[in-house]
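What follows is one structure encoded as structure tokens, with my remarks underneath.
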Amino acid sequence: MPVGWTLMLPGGAVVLCVVAAANAQHVDPRPRGAVLFENRCARCHGVAGDGDGGLAPSLIGIVGRPTASRSDYAYSTALKAKGGIWSPEMLDRYLADPQAFAPGTEMDVHSPDPAERAAIIEQLKELR
């Protein structure tokens, strides 16, 4: 809460001084997509997108890669049948609603906010 006070100067001038309370908030210096990825994707896909933990496939190099193409992960029949290349547009549709994109896919986490999906996709582009 700001604290205010006035100072009367010679000649009748009044100066209002406001001192802001120390309400410092930690601002994460990482790009928004990195923070969203860590909070929403990393539990299954690994913090570095490396699939650490085996719950979900590595996302390193996903942009431009064929769907369900990693030999080290057992993809759902639904995702294998989908086909195509993981473009930013295709990732956007998938992240918006994985079950609508490929009914029966194992991923059930979705991101309805277009700005958040865009930030996550930008982060995915960086995973090389």
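The values are calculated or read from the model by the stated rules, or taken from the named source; none is laboratory data. Everything numeric here is computed off the predicted structure, so don't read it as measured data. Cβ atoms come from the backbone with ideal geometry, glycine included; neighbour counts cover every protein chain shown. Heads up: the accessible areas ignore ligands, DNA and RNA and are worked out on the full protein's heavy atoms, side chains in. Shrake-Rupley method; radii C 1.70, N 1.55, O 1.52, S 1.80 Å.
Before moving on, here are some points about what is shown:
- Mean-position separation - Cα centroids, segment 61-91 and segment 104-128, in angstrom: 13 Å
- For segment 30-95: rounded, prolate or oblate by the Cα gyration tensor [a/c cutoff 1.5]: oblate
- Tensor-based shape of segment 68-128 (alpha-carbon gyration tensor, a/c under 1.5 rounded, otherwise prolate or oblate): oblate
- DSSP-loop chymotrypsin sites (Phe, Trp or Tyr not before Pro) across segment 41-128, with at most 15 other Cβ within 10 angstrom: Tyr73
- Here the accessible area of segment 44-94 is 56 percent carbon and sulfur, with a 1.4 angstrom probe and all protein chains present.
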